[in-house]
Amino acid sequence: MPVTAPQPTAQPAPAPQPAVQSAEQPVVNWTLQILRDGQLIDTFDGTTTVGQARTDTHHKVVSHDVGCKDQPAGSIDLQRTITVSPLRANPTESILAIEAQETLEGDVAPQTPEGCKLPPTPRQVHASHPGLVVPAGQWVNWPIIDKNPTLLYRVRASLAPPSQQP
């Protein structure tokens, strides 16, 4: 008589690990506004799980009339990239790591010695915050540039409602 090996008992498949891990981590709704000289110029927002990062890039292409005949000239892409990483979150506050890189245009258009227009000079701005504490539902200001122009990031964050949790 042949010997048969015992058959394994059917077991339910284990849940995939990423779903288990993300279910344990809170999810944060956040908004980041950019103010230049007190005027709102851009807004980023997202819903990001603690321990994850979200990166968004916005573009604004501008061109200027240059020269002595005010002819349109080459354009420049004023690009802004923001990365937001919630580090911790609870019902009373969120802690966000934020990385920002943007191209700003100068306020003043220079001129040649003959008085002909030149385009404003762009400049690169890099900013990093290792852990901005944001009380739930309140705006927190993070000054990036103090003058010429002033640049301020305004951030609000709170836990996502259960319907937005993974």
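The values are calculated or read from the model by the stated rules, or taken from the named source; none is laboratory data. Remember, it's a predicted structure, so these values are computed and weren't measured experimentally. Note that we place each Cβ from the backbone using ideal geometry, even for glycine, and neighbour counts take in every protein chain shown.
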Every residue from the stretch 19-72 that is of a type in the set (Ser, Thr, Tyr) and either at pLDDT 95 or above or farther than 18 Å from Pro120 by Cβ (or both): Ser22, Thr31, Thr43, Thr47, Thr48, Thr49, Thr55, Thr57
Select, from Pro149, Pro113, Pro120, the only residue that is touching a residue at least 60 places away in the same chain (Cβ under 8 Å) and closer than 30 Å to Cys68 by Cα. Pro149
Please find, among Val140, Val66, the residue that is surrounded by 13 or more Cβ atoms within 10 Å (Cβ to Cβ) and over 19 Å from Asp42 (Cα atoms). Val66
Among the residues of the stretch 116-152, write down those that are at pLDDT below 90 and assigned to a loop (DSSP other than H, G, I, E, B). Cys116, Leu118, Pro119, Pro120, Thr121, Gly137, Lys147, Asn148, Pro149
Could you look through the stretch 39-80, keep only residues that are within 26 Å of Gln111 (Cβ to Cβ) and acidic (Asp, Glu), and pick out the one that is farthest from the chain's Cα centre (by Cα)? Asp70
Identity of the residue in the stretch 26-52, free of Cβ contacts under 8 Å to residues at least 12 places away in the same chain and surrounded by fewer than 14 Cβ atoms within 10 Å (Cβ to Cβ), that ends up farthest from Ala89 (Cα to Cα): Gln39
